[in-house]
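Written out below as structure tokens is the structure these notes cover.
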Amino acid sequence: MAEAAKTEVIKKKAGPAHPSGDKRFKLLEVTMKRHQFRSDALIEVMHAAQELFGFLEVDLMFFIARYLKLPPSRVFGVATFYNLFSLRPKGEHTCVLCTGTACYVKGADALLDAVEKLAGIKAGETTEDGKLSLVTARCLGACGIAPAVVVDGTVKGLETPDSLVQQLKGWLPNG
Amino acid sequence: MPRFEPVLLKRIDKPNSAALAGYRADGGYTALKKALAMAPDDVTNLVKDSGLRGRGGAGFSAGAKWSFLPKNHPGPIYLCVNADESEPGTFNNRILMEQDPHQLLEGIAIACHAIRSNAAYIYLRYEYGRSYRVLDAAIKECYAAGLLGENILGTGFKLDVRLHRGAGAYICGEETGLIESLEGKRAWPRIKPPYPAIEGLFRKPTIVNNVETLCCVTHILTRGVEWFKSMGVPPDPNNKRDQGSYGPKLYCISGHVNKPCCVELPLGVMARELIDVHGGGVWKGRKAKAVVPGGISMGFLSANELDTKLDFEGPGKVGCLGLGTAAVVVIDDQTSMVDVLYNCCRFMSHESCGQCTPCREGTAWMTKILERIRTGRGKLEDIDLLYEVANSMGIIPGTTICGLADGAAWPVKNAVTKFRGEFEEYIRSGRSSITPAQQLMAAH
């Protein structure tokens with residue numbers, strides 16, 4: 001009962017989810033409600049927010065902080081601590097290269113070299129036209145198929161620079 | 001030697017091995033039934049007697065850990081399942097979770113009964129998307145079948161299992177870091193004591209166990225202590241601190257081998273046998289130069305140490321940190337150890353949580369020194385400098401809160417002592433293994 005009353009108070013105080021009227025904030029509010037606005041659900045809420053918005057804008061983090069009754073510094077601190085939270089918009093497609101030890105000894109560097117050359121960006125960056133983001137990851141737990149690459153969420157193993165370039169070429173203007 | 005019959009991996013090749021119906025047809029959840037008929041303390045003692053040691057890396061006795069919980073605590077008591085498998089080279093938990101989630105869930109239920117807990121959290125790394133979907137479906141199946149929730153199997157035992165996903169941080173594998181992360185904070189390890197068994201998640205008594213450890217618990221219940229003790233290596237009578245290494249273990253073999261795989265064997269298999277028999281030998285007919293015995297933070301075995309037994313004590317005898325996660329990464333003789341070590345240090349420096357200065361600065365310095373060597377500007381003194389930095393960070397010299405720094409220091413210490421000649425030769429030759437693209441990567 002007490003929990004429900006608390007939720008009611010938050011609703012009254014907050015009014016509509018977000019002044020911009022963006023429906024995604026409403027969806028995020030529903031997620032937070034499902035977690036009963038508990039502060040320990042912060043990471044789950046931020047995953048939901050990133051799925052909805054693509055990345056974590058400062059405004060979005062303030063929104064989360066207010067609803068979970070946390071200082072904005074805490075939300076920002078968590079966002080910058082974990083690898084998977086992004087404060088910048090991501091490209092339309094992503095290519096994640098594993099640089100774990102097993103992948104490294106099997107030539108992950110050559111893959112990175114090839115993609116960086118092809119796309120003209122460094123690891124951690126997105127092409128200017130927003131088509132491709134290049135990310136390096138710690139061990140993905142796919143050491144049996146090293147070197148492993150994740151292209152748009154699909155794990156692919158035993159890649160060579162040529163096979164990888166073939167897959168990414170279509171997304172790039174100079175490809 | 002007769003072929004070892006896998007136990008933990010027994011069901012993985014079956015079609016639809018993740019479904020509850022199949023698991024029950026193979027005798028699943030009888031161990032839970034058996035456990036629920038026993039008193040919680042008896043289950044704990046059984047696990048203690050079996051000599052089961054934690055599979056997550058430290059090798060601490062699982063039963064002993066459970067018995068550290070305060071007696072007659074009013075509760076709640078929590079069980080956290082460490083499924084944040086991030087040690088480079090390790091992928092056994094992923095296979096267990098994706099192919100046989102009910103084996104794990106049964107182990108969780110037994111453990112919760114033993115420690116009188118009604119709530120378990122599975123902390124799963126976010127990268128394991130398939131594990132998440134499989135586990136989520138398996139948990140739902142269990143609730144529907146009355147194997148989770150209220151009144152499990154009609155015994156009045158109540159258990160809720162929640163699946164929590166991380167957000168990508170190596171340090172979440174450290175037990176108190178994991179707890180902090182579950183509470184929705186930065187995964188900063190806590191100062192111990194108090195240990196989690198006294199004050200853990202939400203400041204309540206908490207037990208943190210690895211996925212593989214809990215899977216073993218299921219089989220100890222069904223097959224008994226004698227069966228478990230029939231495998232592995234008994235304690236060394238000359239070493240009082242050796243508790244023995246019993247039971248089956250999943251070894252992950254990757255790197256420069258013909259057949260990278262995950263294989264289940266009794267503890268104490270030789271590194272050479274793993275590579276030659278199970279991994280199909282070193283690729284391209286080359287020889288192994290170095291072998292990582294259990295995830296990179298455990299250090300390196302050199303080529304003439306391949307007859308080391310991979311049990312909890314074996315790697316320690318040849319200067320490695322321990323067995324770790326038993327992830328064997330083979331490095332062939334064409335690969336530069338300077339480059340491999342640089343890869344390790346870069347990883348550790350990125351994943352250091354930044355709380356303790358020796359680790360935050362030390363890992364970064366070691367990376368920078370190796371960067372200098374790799375650009376051909378290294379000095380011979382750099383080798384001793386690397387050793388000095390590595391020797392002054394970690395729990396063992398007593399300068400940090402958690403073991404990440406030890407794990408960062410060990411490969412450095414091992415590499416510069418066991419492969420010193422190669423480092424000297426590299427520096428003297430003044431060559432550089434950096435291509436322009438790698439320089440960009442180093443800048444990242």
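Summary of values
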read-out	value
Candidate set from the stretch B:117-162 (those that are closer than 23 Å to B:Ala197 by Cβ and within 14 Å of chain A (Cβ to nearest Cβ)); member that is surrounded by the most Cβ atoms within 10 Å (Cβ to Cβ)	B:Ile122
Test for B:Gly354: is it part of a helix (DSSP H, G or I), farther than 17 Å from A:Cys139 by Cβ, at pLDDT below 95 and not assigned by TED's automatic domain parsing to the domain that holds B:Leu178	no
Every residue from the stretch B:192-213 that is outside any helix (DSSP H, G or I), within 14 Å of another protein chain (Cβ to nearest Cβ) and surrounded by fewer than 19 Cβ atoms within 10 Å (Cβ to Cβ)	B:Lys204
Single residue of the stretch A:139-152 satisfying the filter (part of a loop (DSSP other than H, G, I, E, B) and touching a strand residue (DSSP E or B) at 6+ places or on another chain (Cβ under 8 Å)) that is farthest from the other protein chains (Cβ to nearest Cβ)	A:Asp152
Condition met for B:Gly107 (touching a residue at least 60 places away in the same chain (Cβ under 8 Å), within 13 Å of chain A (Cβ to nearest Cβ) and within 30 Å of B:Cys262 (Cβ to Cβ))	no
Condition met for B:Ile427 (assigned to a helix (DSSP H, G or I), β-branched (Val, Ile, Thr) and more than 28 Å from the chain's Cα centre (by Cα))	yes
Single residue of B:Thr308, B:Thr375, B:Thr335, B:Thr367 found to be of a type in the set (S, T, N, Q) and within 11 Å of another protein chain (Cβ to nearest Cβ)	B:Thr335
So B:Gly319, is it outside any strand (DSSP E or B) and buried (at least 18 other Cβ atoms within 10 Å of the Cβ)	no
Selected residue (criterion: nearest to the other protein chains (Cβ to nearest Cβ)) from residues of the stretch A:85-113 that are closer than 17 Å to A:Gly144 by Cβ and part of a loop (DSSP other than H, G, I, E, B)	A:Gly100
Residues of the stretch B:9-22 classified as within 24 Å of B:Tyr251 (Cβ to Cβ) and surrounded by 14 or more Cβ atoms within 10 Å (Cβ to Cβ), total	7
Hits in the stretch A:13-47 - residues which are aliphatic (A, V, I, L, M) and closer than 14 Å to A:Val78 by Cβ	A:Ala41, A:Leu42, A:Ile43, A:Val45, A:Met46
Residue under evaluation B:Cys320, criteria (1) at negative phi; (2) without any contact (Cβ under 8 Å) to a residue 24 or more places away in the chain; (3) not assigned by TED's automatic domain parsing to the domain that holds B:Val416, criterion not met	(2)
Count - residues of the stretch B:277-300 that are touching a Cys at 6+ places or on another chain (Cβ under 9 Å), surrounded by 24 or more Cβ atoms within 10 Å (Cβ to Cβ) and either away from chain A (no Cβ under 14 Å) or over 21 Å from B:Gly232 (Cα atoms) (or both)	4
Pick from the stretch B:134-163, criterion among the charged types (D, E, K, R) and out of contact with any Phe, Trp or Tyr (no Cβ under 6 Å at 6 or more places or on another chain), ranking: farthest from B:Ile122 (Cα to Cα)	B:Glu150
Residues within the stretch A:122-161 that are closer than 21 Å to B:His256 by Cα and acidic (Asp, Glu), tallied	1
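The values are calculated or read from the model by the stated rules, or taken from the named source; none is laboratory data. Predicted, not measured: the structure shown is a model, and the values here were computed from it. So basically every Cβ, Gly included, is an ideal-geometry build from the backbone, and we count neighbours across all protein chains shown.
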